[in-house]
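Read through the structure below, which is laid out as structure tokens, and then see the notes.
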Amino acid sequence: MKINSLRPLTGEGRKLFIETYGCQMNAGDSEIVVSIMQQEGYRYTENIDEADIILINTCSIRDNAEQRIWGRLSAMRQLKRRKPSLIVGIIGCMAERLKEQLIEKGTGVDIVAGPDSYRSLPELVRTAEDGTKGINVELSKEETYAEIAPVRLDRNGVSAFIAIMRGCNNYCAYCVVPYTRGIERSRDPQTIVAEARTLFENGYREVTLLGQNVNSYSFGEVGFPELMAMVAEISPLLRVRFATSHPKDISDRLLEVMARYDNICKAIHLPAQSGSNEMLGKMNRKYTREWYLERIAAIRRYMPDCAISTDLIAGFCGETLEDHQQTLSLMKEVGYASAFMFKYSERPGTFSARHFEDDIADDEKTRRLNEIIALQNSLSVVSNEAEIGKVRQVLVEGTSKRSDEQMCGRTSQNKMVIFDRGDHKAGDYITVKITSCSSATLFGEEIFE
Ligand code: SAH
Ligand code: SF4
Ligand code: F3S
């Protein structure tokens, strides 16, 4: 515990509860926040009813993400009625986007802290405890929380996320992230490798390197392919994954490094967003359908066995039925293993909100989205059926949700496999023959070579 001679320990054992929404970057940030607060003497609790401080780590990516948070805030006001000393803080992307609006009358919020101001949280909590609302939404050009050891909250003890960079400079027309997370900055590779090594020594067997666009990782001489190689060298028993890479700069150099190491997982999440060049141009994605398909071909050249997944947006501004058909045809052409699929949601302040009309009616967006989802379901079945009969190495993650007699784990391709418990435990590698599948899961039997 840190001893600061000028000031008594401020937390004095008071209990912190944290609720996390949004992407894996937010999940990682919550672990940093808990670490910062623990150093100041606060204790982490998983029980909201005993909390003295509740922090909600929020997401602004689509309107429905924010609506959920407003719902949670009304629940928080009820908790405060029962326990008036309770401090409620909004942190994360919605804090950055809405700033003071979140502490205006009636919300019940005491603290607002944006993604780059978590070091000031103990100070903000103290201010709030003195009865003044605390806000810090300053974005930074340098903050990476590089030396803060995250307190692992997910605790499957097998796989962990490591943030390698923060922010985004891409300004896709629809996207709020550059405004909520600020400019891109990369974290010192030595601190990344040290964190991965510590995880490995503590029994972890898989790390996912995280950033909004990991391909732009750059710190001194070290680019993303070099960083991947450095982490992969820690041990052949440590699997390495990453998310997310932008299609415009997925380089041959990276594909070459991925192919070279068995422990770099053969799965790439490559968000296409749309199959139409018209839409891709308006979205400011900086690649064409043809470029994207050439990159897919490159992935398959280097790694014939690599699973490819994507993100897609239905009903972007001015999207015609022909544009929508182009998205469906791209999906078929690539044959995605899985996809995250969304209806376009206008975000205030973004380029598309300022310059384009959100002109596709909501029920039409829903209809297009449903078509996309139905097609992906069938593509996922095709992708899973192609696994039947194959022999795969699986990293055991834990007990299957369906039955205590079975366990689950992932293949290098990131597909979940269910198999009999045997005497396996989380963190083991086993060899499995895939025997059957559903659209979401594979089923397999252990084989002994
Ligand atoms: N940095 C990542 C994506 C982060 S956001 C990348 O570029 O790959 C995750 C996904 O949310 C995006 O890929 C996009 O498909 C979706 N998304 C972002 N803004 C959106 C909006 N305004 N409406 C609907 N979906 C959106
Ligand atoms: Fe948003 Fe585009 Fe940046 Fe991804 S790359 S976070 S979609 S602006
Ligand atoms: Fe949401 Fe912020 Fe992540 S807007 S998706 S939590 S970067």
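The values are calculated or read from the model by the stated rules, or taken from the named source; none is laboratory data. Model, not experiment: these values are computed from the prediction. Don't worry about glycine lacking a Cβ; one is built from the backbone with ideal geometry, like all the others, and counts go over all protein chains shown. We work out accessible area using only protein heavy atoms, side chains counted, and drop any ligands, DNA or RNA first. Shrake-Rupley method; radii C 1.70, N 1.55, O 1.52, S 1.80 Å.
If the condition is being out of contact with any strand residue (DSSP E or B) (no Cβ under 8 Å at 6 or more places or on another chain), open to solvent by 20 Å² or more (accessible area, probe 1.4 Å) and either β-branched (V, I, T) or part of a helix (DSSP H, G or I) (or both), then segment 127-155 contributes only T132. Checked against (1) closer than 25 Å to R241 by Cβ; (2) within 11 Å of ligand 1 (Cβ to nearest atom); (3) open to solvent by less than 30 Å² (accessible area, probe 1.4 Å), R347 passes all but a single condition, namely (1).
For segment 279-295, does any single residue satisfy the condition of being of a type in the set (G, A, S) and in contact (Cβ under 8 Å) with a residue 12 or more places away in the chain? No, there is no match, as no residue in segment 279-295 is of a type in the set (G, A, S) and in contact (Cβ under 8 Å) with a residue 12 or more places away in the chain. Within segment 174-186, the set of residues being touching a helix residue (DSSP H, G or I) at 6+ places or on another chain (Cβ under 9 Å) and surrounded by fewer than 19 Cβ atoms within 10 Å (Cβ to Cβ) comprises just one member, Y179.
Among the numbered conditions (1) part of a strand (DSSP E or B); (2) touching a helix residue (DSSP H, G or I) at 6+ places or on another chain (Cβ under 9 Å), the only one that W291 does not meet is (1).
Counting the residues of segment 310-336 that are under 20 Å from N414 (Cβ atoms) and open to solvent by less than 20 Å² (accessible area, probe 1.4 Å) gives 5.
Hey, can you tell me all the residues within segment 423-436 that are open to solvent by 40 Å² or more (accessible area, probe 1.4 Å) and under 12 Å from R392 (Cβ atoms)? The answer is Y429, K433, T435.
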